[in-house]
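The values are calculated or read from the model by the stated rules, or taken from the named source; none is laboratory data. Remember, predicted model here, so these are calculated numbers, not experimental data. Note that we place each Cβ from the backbone using ideal geometry, even for glycine, and neighbour counts take in every protein chain shown. For accessibility, only protein heavy atoms count, side chains too; no ligands or nucleic acids. Shrake-Rupley method; radii C 1.70, N 1.55, O 1.52, S 1.80 Å.
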Amino acid sequence: MGAEHTQSEPGVRIVPATSTFDCGGRCPLRLHVKDNRIIRVEGDAAPEEKQLRTCLRCRAYRQYVHHPDRLMYPQKRVGPKGKGEFERITWDEALDTLASKLIETKETYGPESIFLMTGGGYLASLHNGGLAAQRLLNQFGGCTTHYGNISSEGAVWASLTQYGSVMVGNSREDLMNSKLVILWGWDPARMISGTGTMYHLIRAKENGARMICVEPRYTDTAATLAEQWIPIYPGTDTAMMVAMAYVMIDEGLHDQAFLDKYTVGFDQFKDYVMGTEDGTPKTPRWAADICGVEAETIAALAREYASTKPAALMDCQGPARSAMGEQYNRCAMTLCAMTGNVGRPGGSAGGGLMGIPVGHMFRMSAIPPGKNPVELKGPKVKGTLDIRDRVIMRVHINTLWDAMLKGKAGGYPADLKMAWSMCNNYLNQIGNSNKGHQALSQLSFFAVQELFMTAQARYADILLPVTSAAERSDLTRPWPSGPYYCFSNRAIEPLGEAKSDLDIAGLLAERLGIEEFNPFSEDDILKLFVEKNPETAPQITDFEKFKKEGIYRVELERPIVAFREQIEDFENHPFDTPSGKIEIFSQRAADMEKPDAPPIPKYMSTAEDRTDPLAEKYPLQLLTPHAKNRVHSEMHQVPWLREVEPHCMWINPVDAGARGIVDGNEVFVFNDRGKVAIEAWVTLRIKPGVVCIFEGAWYDPDEEGVDRGACANTLTRDAYSGGGAALMNTSLVQVAKAGGE
Ligand SMILES: Nc1nc2c(c(=O)[nH]1)N[C@H]1C(S)=C(S)[C@@H](COP(=O)(O)OP(=O)(O)OC[C@H]3O[C@@H](n4cnc5c(=O)[nH]c(N)nc54)[C@H](O)[C@@H]3O)O[C@H]1N2
Ligand SMILES: Nc1nc2c(c(=O)[nH]1)N[C@H]1C(S)=C(S)[C@@H](COP(=O)(O)OP(=O)(O)OC[C@H]3O[C@@H](n4cnc5c(=O)[nH]c(N)nc54)[C@H](O)[C@@H]3O)O[C@H]1N2
Ligand SMILES: [Mo]
């Protein structure tokens, strides 16, 4: 049982906890518990300026934990894969089956034919979740797994290339120093980007900061904050940014002294921008045809951004999850340097990741997972910048289905025979769900640890019920903002027969002949972790107090500003790049010799953009952002959250009218990869030529293969960009009224 906490009334305990969702926020919660049920959820009680305001998802937390569809006991599949027909079995049968399949597969085909699928579904210290399974398999002989961060690989690649660091964010209070904030593909009113971010943006606006939003959609954030909305075609931001650079150079508005001191490669970039390199000056008129923004608007934004100091250009990850996504982040960082806003209070460094270094502990385990013997055999994963061509022992996350279907014959590192999955719902969440259906249908054995019968769980041979975060204690971390650390106390005992991922790994270890796998109690591990990591959380000296209060708020003397040291004291603090400077030209990128990952940021046309001949058949660009009322596919089944917003497709009246569609009609959205049925929302809030379906609705194909659940990934591509971004926002589709095609 967790720490003893205050009682509000007889029989009710109040337990400090947090959720552990992969949602960009971390809400400190006080769970009121009676008779092993959460009966009420209270948010953070801190005064307004310190309060980490609870989000709508956490307010519905008890409907999630106690949802009637929670998996309560182990099951085995008795019907066809994907149909969801299962039969109750005992834990012994489930674990014996999984252990014997692991042994049989290793002995018959080698450990590399075992695939470990893990994800961000559980964001705590990770001694639970996928890390326990990874540690077990490493001791067992290894496995094949995936690389490439499904969220942010494009932004990570871009930030490492340009700055040699992923800590490119300022703490949110610093927005108070900004005179202008450009929200470029960033919608934090919907998609949580650090708890408290909207509060600080609103305060900055009240403080007089002007706010401009560049987006294909008129977002909730734009509606709340922006003076100006600049609608743009998806995938064309780089063209507009390059044209802004043109205006700054042409009119002498850029900060040449800053560029001379802190950057390398501006001259090469300038040659490209001015057309010296290829004969095409990248004027606003050139960009206007590509991005659908008027030349005057582009020039005006360039002038305003260059002349308002300090100004924060906030790019993010959504636009980077596309065919040339990393160029958008690289170009944003370049504009931040051209205007001298890097490392300056009220400015921004760009790069899309927004993380600060405080509050980022608890990512690893107190017990290191050790090395994967399968990977030791082949070239090593060396980090994002190096891995693209060299890593052959892993599979890029967005080509997982292809790897399962083709194996070595398709150039993948192994023939995958079985998979073991936890903390992900990739069938729903990576590109091309119909290919995922094929891949999982032919896999010889599939074990899934889940809380719910998700789209992916329906393909399992063995399905193991896991506890929710409310049923165990753990350390959790806010991302990407902070600065605070959380201790989530166990509020209730495990429901039904559910067990944690760590306990499941321990029980399997016994069956695989691995001794001493988990000699620690839950409390031991957490204590060990806090005490063993004084460098990441130096402030936490009193474990018991931390546990009792559930949160440690870090008091900063002044806001964190990324690269402040480099800018204020460059001689002693070079950037962590080969040149020691901000690399507008990157030799490391040049060495990769990939046409779609050039050494300087560039706009290039790609497959499935508006100019692709395929657009004759599929003329609309599809956006698939994150929904406000769920976390990816999690919580889609929670009734209160379903009431917040129906799952529908955004379409402009111009495009709807041309297809005889009116608001509320059922429509089909389709391309060569699949077809979904969904309700149309006809709205001026989206640019003509673009439609939007939020990711995370549950994949549910009918007999004809029409996805009645309208999962966005039925339509997206299973491919990745030069820098490794998953192509979630580069898909062409057609839309037709249902019954009227
Ligand atoms: N089209 C499109 N697709 C996208 C994106 C997009 O923008 N567009 N965004 C991508 C991004 S950024 C991300 S991060 C991914 C997310 O991809 P996933 O991580 O696959 O998404 P989730 O839906 O969060 O799935 C997590 C699953 O883990 C389960 N789970 C939760 N806690 C535990 C636990 O403790 N143990 C176990 N065993 N299971 C647990 C949940 O029930 C849930 O089914 O989606 C990506 N997919
Ligand atoms: N409520 C909620 N919050 C979340 C999550 C969640 O599932 N639910 N997931 C969390 C996770 S794991 C992550 S990685 C982050 C993701 O954060 P992001 O990746 O930034 O979020 P997205 O919603 O994919 O995209 C942000 C915005 O970019 C816009 N956009 C897409 N393509 C383009 C383009 O080409 N150009 C421009 N200018 N704009 C474009 C979209 O319309 C959207 O409004 O969010 C986190 N926060
Ligand atoms: Mo993500």
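Residues that are more than 28 Å from the chain's Cα centre (by Cα) and small (Gly, Ala, Ser): does the range 560-581 have at least one?
Within the range 560-581 (the criterion being more than 28 Å from the chain's Cα centre (by Cα) and small (Gly, Ala, Ser)), the answer is yes, since at least one residue qualifies.
Please go through the range 613-634 and give me each residue that is more than 16 Å from ligand 3 (Cβ to nearest atom), open to solvent by 40 Å² or more (accessible area, probe 1.4 Å) and not in a loop (DSSP other than H, G, I, E, B), ordered by number.
Within the range 613-634, Pro613, Leu614, Glu616 qualify.
Can you tell me which residue is surrounded by the fewest Cβ atoms within 10 Å (Cβ to Cβ) among those in the range 399-418 that are basic (Lys, Arg) and assigned to a helix (DSSP H, G or I)?
For the range 399-418, the residue satisfying everything is Lys408.
Just checking, how many residues over the range 195-229 are of a type in the set (Asp, Glu), within 13 Å of ligand 2 (Cβ to nearest atom) and out of contact with any helix residue (DSSP H, G or I) (no Cβ under 9 Å at 6 or more places or on another chain)?
1
Looking only at the range 433-492, count every residue that is farther than 30 Å from Met167 by Cα, of a type in the set (Phe, Trp, Tyr) and not in a loop (DSSP other than H, G, I, E, B) and tell me the total.
3
Just one of (1) farther than 18 Å from Gly84 by Cβ; (2) open to solvent by 10 Å² or more (accessible area, probe 1.4 Å); (3) hydrophobic (A, V, I, L, M, F, W, C) trips up Met453, so point out which.
All conditions pass for Met453, except number (1).
Out of Glu568, Glu516, Glu522, Glu510, which single residue is touching a residue at least 24 places away in the same chain (Cβ under 8 Å), open to solvent by 30 Å² or more (accessible area, probe 1.4 Å) and farther than 30 Å from Gly340 by Cα?
Going through Glu568, Glu516, Glu522, Glu510 in turn, just one is touching a residue at least 24 places away in the same chain (Cβ under 8 Å), open to solvent by 30 Å² or more (accessible area, probe 1.4 Å) and farther than 30 Å from Gly340 by Cα: Glu522.
Taking the range 128-153 as the search range and keeping residues that are within 16 Å of ligand 3 (Cβ to nearest atom) and within 21 Å of Ala414 (Cβ to Cβ), which one is most open to solvent (accessible area, probe 1.4 Å)?
Ranking the qualifying residues of the range 128-153, first place goes to Ile150.
Is there a residue in the range 326-338 that is small (Gly, Ala, Ser) and within 16 Å of ligand 1 (Cβ to nearest atom)?
No.
Taking strands (runs of 3 or more DSSP E) that do not extend beyond the range 646-741, which have at least 2 residues that are over 22 Å from Gly154 (Cβ atoms) and touching a residue at least 60 places away in the same chain (Cβ under 8 Å)?
648-651, 666-671, 674-682, 731-737
Considering the range 99-118 alone, what residues qualify as being open to solvent by less than 60 Å² (accessible area, probe 1.4 Å), in a helix (DSSP H, G or I) and β-branched (Val, Ile, Thr)?
Matches in the range 99-118: Ile103, Thr105.
Sort out which residues of the range 428-444 are more than 16 Å from ligand 3 (Cβ to nearest atom), open to solvent by less than 10 Å² (accessible area, probe 1.4 Å) and out of contact with any Phe, Trp or Tyr (no Cβ under 6 Å at 6 or more places or on another chain), and write them in order of number.
Leu443
Could you please find all residues in the range 10-43 being β-branched (Val, Ile, Thr), open to solvent by 10 Å² or more (accessible area, probe 1.4 Å) and farther than 13 Å from Arg57 by Cα?
Residues satisfying the conditions are Ile14, Ile39.
When you look at Leu620, is it under 20 Å from Tyr233 (Cβ atoms), modelled with pLDDT of 95 or more and within 16 Å of ligand 1 (Cβ to nearest atom), yes or no?
Considered against the rule, which asks whether it is under 20 Å from Tyr233 (Cβ atoms), modelled with pLDDT of 95 or more and within 16 Å of ligand 1 (Cβ to nearest atom), Leu620 comes out as yes.
Being under 28 Å from Arg210 (Cβ atoms), away from ligand 2 (no atom under 16 Å from the Cβ) and not in a loop (DSSP other than H, G, I, E, B) is the filter here, so list the residues in the range 139-180 that pass it.
Gln162, Tyr163, Glu173, Asp174, Leu175, Met176, Asn177, Leu180
Got a sec? Which of Val654, Val669, Val638 is within 12 Å of ligand 1 (Cβ to nearest atom) and either more than 26 Å from the chain's Cα centre (by Cα) or modelled with pLDDT of 95 or more (or both)?
Within the list Val654, Val669, Val638, the selection yields Val638.
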